[in-house]
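K.L.:
Handing you this structure, nothing more for now.
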Amino acid sequence: MSMQYPLLFPYGEDGYHDELMCLPVSNASNQRQKVTMLEYYAYRLRDRPNDFKTPLRCKRLTQAYFVDGYCSVETFRIAFYCKPSFQRKYISSSFSCLADSVSKGITSGSSVGQRIILPSSFTGGPRYLYQNYQDSITICRKYGCPDLFVTFTSNAAWPEITEALSSIPGQEPSDRPDIVNRVFKMKLNILMDHIKKKQFFGPINADPSPLWSQLQNLKILQWDSKTVRSLHG
């Protein structure tokens with residue numbers, strides 16, 4: 001990244017590499033020795049006292065850095081799933097494809113079937129979305145369809161966001177999506193506490209809302225235990 005963004009890293013600071021080691025922690029159990037790429041970017045994209053943090057002060061160039069960092073993390077994750085040792089248990093094909101392959105003289109199983117399969121643990125993948133859909137439909141089958149619709153949307157004018165942006169003059173909410181996302185997550189936790197713990201809509205039987213917790217325009221499904229009423233927001 002230092003070579004790609006010389007304005008953000010004028011002193012040629014090191015970026016992420018495979019030999020980046022974690023600092024030892026005395027009371028940690030089963031601590032990993034190396035830093036992951038996601039942890040590295042999470043560290044870089046935080047405000048810290050007495051730190052100028054050039055990568056966070058360059059507006060649209062900062063946004064480009066965010067996007068490249070996200071793409072790098074996703075590429076790193078996909079590379080892990082693409083390893084042959086991981087894909088051996090997922091390679092599959094339909095019977096008709098196998099029959100066609102045999103008729104063409106292909107007899108090796110490793111030469112047949114879809115090459116790369118992303119499991120449901122890959123966030124945003126087709127199996128991840130399909131599994132969440134199935135979980136939601138299963139709850140609907142048991143408790144009935146939702147009858148309340150509530151929308152919870154991030155607001156860039158929240159005082160917590162404007163206060164955090166004031167630390168660097170001239171910043172706009174679009175310049176710091178990390179701050180907007182963090183404040184949204186805190187507000188979301190408060191909303192869920194009101195609904196689930198304080199039971200604003202009554203006792204809840206089921207709650208698949210963690211399935212969609214990464215959206216900024218959140219849709220929540222919940223079921224009231226007395227009237228079998230659901231909340232969709």
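K.L.:
Would you tally the residues in region 35-59 being free of Cβ contacts under 8 Å to residues at least 60 places away in the same chain and either on the phi > 0 side of the Ramachandran plot or in a helix (DSSP H, G or I) (or both)?
P.N.:
Of the residues in that region, 12 qualify.
K.L.:
Residue pairs, Cβ under 8 Å, 6 or more apart or interchain, first in region 189-201 and at negative phi, second in a helix (DSSP H, G or I) and of a type in the set (Gly, Ala, Ser). List them.
P.N.:
If the second residue must be in a helix (DSSP H, G or I) and of a type in the set (Gly, Ala, Ser), the pairs left are 192/209.
K.L.:
With respect to residue 167, determine if the residue is assigned to a helix (DSSP H, G or I), of a type in the set (Gly, Ala, Ser) and out of contact with any strand residue (DSSP E or B) (no Cβ under 9 Å at 6 or more places or on another chain). Reasoning before the result, please.
P.N.:
Details: assigned to a helix (DSSP H, G or I): no; of a type in the set (Gly, Ala, Ser): yes; out of contact with any strand residue (DSSP E or B) (no Cβ under 9 Å at 6 or more places or on another chain): yes.
Spelling it out, it is not the case that residue 167 is assigned to a helix (DSSP H, G or I), of a type in the set (Gly, Ala, Ser) and out of contact with any strand residue (DSSP E or B) (no Cβ under 9 Å at 6 or more places or on another chain).
K.L.:
Right, next: Kindly indicate whether residue 136 is open to solvent by less than 70 Å² (accessible area, probe 1.4 Å), among the small types (Gly, Ala, Ser), part of a helix (DSSP H, G or I) and not assigned by the TED database to the domain that holds residue 53. Spell out how you get there, then give the answer.
P.N.:
Values: open to solvent by less than 70 Å² (accessible area, probe 1.4 Å): yes; among the small types (Gly, Ala, Ser): yes; part of a helix (DSSP H, G or I): yes; not assigned by the TED database to the domain that holds residue 53: yes.
For residue 136, the condition - open to solvent by less than 70 Å² (accessible area, probe 1.4 Å), among the small types (Gly, Ala, Ser), part of a helix (DSSP H, G or I) and not assigned by the TED database to the domain that holds residue 53 - is met.
K.L.:
Right, another one. For region 14-54, how many residues are open to solvent by less than 70 Å² (accessible area, probe 1.4 Å) and within 27 Å of residue 79 (Cα to Cα)?
P.N.:
12
The values are calculated or read from the model by the stated rules, or taken from the named source; none is laboratory data. What you are looking at is a predicted structure, and each value in this text was computed from that prediction instead of being measured. Cβ sites come from the backbone with ideal geometry, for glycine too, and all protein chains shown count toward neighbours. Note: areas computed on protein heavy atoms with side chains; ligands, DNA, RNA excluded. Shrake-Rupley method; radii C 1.70, N 1.55, O 1.52, S 1.80 Å.
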